[in-house]
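To start, the structure under review is shown below, and the notes come after it.
No lab work stands behind these numbers, since they all come straight from the coordinates. Note that the structure is predicted; figures quoted are calculated from it, not measured. Note: ideal-geometry Cβ built from the backbone for every residue, glycine included; neighbour counts use all protein chains shown.
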Amino acid sequence: MEWSPRSWVVKPCAQQPVYPDEAALQRTLDEIAALPPLVTSYEIEALKSQLAEAARGERFILWGGDCAESFADCTSAAIASKLKILLQMSLVLVHGTRKRITRIGRFAGQYAKPRSTATETRDGIELPSFRGDNVNRPEFTIEARTPDAQLLLRGYERSALTLNFIRSLVDGGFADLHHPENWDLAFVKHAPLAAEYQRMVDSIGESLRFMETLAGGTISAMQRVDFFTSHELLVLAYEAALTRRVPRRDGCFNLSTHLPWVGLRTSDPSAAHVEFCRGIRNPVGVKVGPETTPEQLLATVRTLSPEPEPGRVVLIARCGAHRIARTLPPLVRAMRDAELPVVWIADPMHGNTETVVPTSGAWAGKSVKTRKFGHILAEVEQSFEIHRMEGTVLAGVHVELTGEDVTECTGGARGLTDDDLSRAYRSQVDPRLNYEQALELAMLIARRAAGR
Ligand code: PEP
Ligand code: CO
């Protein structure tokens, strides 16, 4: 079947909102289709080659951000703190791995969420599930929960605002390796790992001064680091409206983000989301779970990339600390033996979500969704080990984190317990690593990637 930005419409398509007014939806999509793109094909191709380098072990990918962005968090402080934690983590990773780091944010478009059920029932009333800020609103009323096409436009605009601020910060020297003090968050001084982090900052500063003395000037590459954007592909009509041909390049690019990914719930190789991804020239992420079979994964990868193209298919494994040892190796071997140049990424978050019931504090007796830091670390550790054993490369990690001082995952240097969760739990969706836990994870990866 011939591909087009709309060829997915004849395939089974999971997780789509049902809009009450088709004509209003179409008007909004036409409006979005006429607006400028959010990213360029040039940036997308640059990311693809960096992904290919990472798959050869020449780089490391640091990919992170919120589970879902909210429109309310499109603020200067929230965006800057996300960049700060990613920059601090990448400094730790540069120091430990001696590799170049590519930073990819789950931001500037991560507004839609897959849901396990299409509706939610409370006190006998059944309403559509909340699917994220670009689809509907969280309040439990029929008005709020009815999908509103205008929110797609609001989401496009929020993505543009976020990207504009990120690009200006980066161009203005915010990400300059000469000034890591720009990335200090207010509460960092009190973090248990602050001293170790400061030692790395000092050591990188020293190396930088040494190299610049040799080079006889500032090394401008160190003054600018890039951020790429990514989000889960969910509302395909929106993605199609931003999928276009560009001058002097073959094929179509999804210009809503650099790196779209297909979630676990939409990863069927014969269904709409994979069909949509088949024809776009972006690198494409695919979530891989403990139930994914080697046959299914081979079908997916061959559909997305009939000609093996380095950097094109990014496999994000999220098996869970207790299942990865059994489930990941057969998948890794299948890709290796078929000589498919996939980019393997570890997502140690989504296979480790659990529900706990705190026994004291404000949330005593209530069910809370959390993740144990120990499980997250264990999944990362095992990912490195499995790839080492199989002679393949772990190209990077994909994590849910925030630069803020939240209490959503337990454990870590400060030993957060279930009873601490009520203190600063802000996620509407999945629990994120807080600032300290994210930095601690980076330190562990740095040690591990350096072979220590
Ligand atoms: C996510 O990345 O937030 C997500 C929903 O993941 P998965 O599709 O792996 O469950
Ligand atoms: Co999530």
Task: Amide H partners (placed H, <5 Å) of GLU232, local residues excluded - done: TRP261
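Write out the trypsin sites (Lys or Arg not before Pro) in segment 96-191 meeting two conditions: DSSP loop, and at most 12 other Cβ atoms within 10 Å of their Cβ.
Working: sites: ARG98, LYS99, ARG100, ARG103, ARG106, ARG115, ARG122, ARG131, ARG145, ARG154, ARG158, ARG167, LYS189; in loops: ARG98, LYS99, ARG106, ARG115, ARG131.
Loop-located and lightly packed - ARG98.
Counting only DSSP beta bridges with both residues in the chain, tell me the antiparallel percent, nearest 5. Before the final figure, lay out the partial values.
Values: 13 of 47 bridges.
Taking every DSSP beta bridge within the chain, about 30 percent pair in antiparallel fashion.
What FRET efficiency comes out for the pair GLU43/VAL393, r = Cβ-Cβ distance, R0 = 25 Å, nearest 0.05?
Details: r = 24 Å, r/R0 = 0.95.
Computed FRET efficiency for GLU43 and VAL393 comes out at 0.60.
How long are the semi-axes of the ellipsoid equivalent to the chain, from square roots of 5 times the Cα gyration tensor eigenvalues, in whole Å, largest first? Mind dumping the intermediate values first?
Details: eigenvalues 202, 147, 111 Å².
Working from the Cα gyration tensor, I get semi-axes of 32, 27, 24 Å.
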- [ ] Mark the label point 7 Å from the Cα of ARG248 along Cα→Cβ and return the residues of segment 34-57 whose backbone N is within less than 20 Å of it.
- [x] 37-49
Task: Span-rule helices in the chain, defined as complete DSSP H runs reaching 20 Å or more along the axis (Cα) with Kyte mean at least -1.0 - done: 41-55, 76-97, 150-171, 194-215, 373-390, 435-449
Open item on the list: Taking amide H atoms as placed 1.01 Å from N in the peptide plane, list the residues 5 or more away in sequence, or in a different chain, whose amide H sits under 5 Å from that of THR102.
Closed with: PHE60, ILE61, LEU62
Open item on the list: Going through the cross-link list LYS48/LYS189; LYS113/LYS372; LYS99/LYS287; LYS11/LYS82; LYS84/LYS366, which pairs have a Cα-Cα distance over 27 Å in this structure?
Closed with: LYS48/LYS189; LYS11/LYS82; LYS84/LYS366
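Please rank PHE228, PHE60, fewest neighbouring Cβ atoms within 10 Å first, as an exposure proxy. Before the final figure, lay out each step's value.
On the way: PHE228 22, PHE60 25.
Taking fewest neighbouring Cβ atoms as first place, the list is PHE228, PHE60.
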- [ ] Within the chain, what's the longest run with no GluC sites (Glu not before Pro) in a DSSP loop and at most 16 other beta-carbon atoms within 10 Å? Give the range, please.
- [x] 140-290
Task: Proximal charge balance of ALA108 [Cβ under 15 Å; K/R count +1, D/E count -1] - done: -3
- [ ] Rank these for me by crowding, ILE104, ILE324, ILE142, ILE44, going from fewest to most other beta carbons within 10 Å.
- [x] ILE142, ILE44, ILE324, ILE104
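Assuming R0 = 25 Å, what is the FRET efficiency of GLU139 and GLU22, from their Cβ-Cβ distance, to the nearest 0.05? Before the final figure, lay out the partial values.
Numbers: r = 24 Å, r/R0 = 0.98.
Between GLU139 and GLU22 the formula returns 0.55.
Report the gain in length on full extension from THR121 to LYS189: 0.36 nm times residue separation, minus Cα-Cα distance, nm rounded to one decimal. Let's see the in-between values first.
Values: separation 68, 0.36 × 68 = 24.48 nm, distance 4.55 nm.
Here the segment from THR121 to LYS189 would lengthen by 19.9 nm.
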Task: Two-site label geometry, ARG199 and ARG6: point separation in nm, points 7 Å out along Cα→Cβ - done: 6.1 nm
- [ ] Pull up all non-local amide H partners of ARG281: gap of 5 or more, or a different chain, and H-to-H distance under 5 Å with H placed in the peptide plane.
- [x] CYS252, PHE253, ASN254
Task: Karplus-derived 3J(HN,Hα), 6.51/-1.76/1.60, for each residue of segment 426-434, Hz, glycine and proline x - done: 10, 5, 7, 10, 7, x, 10, 5, 8
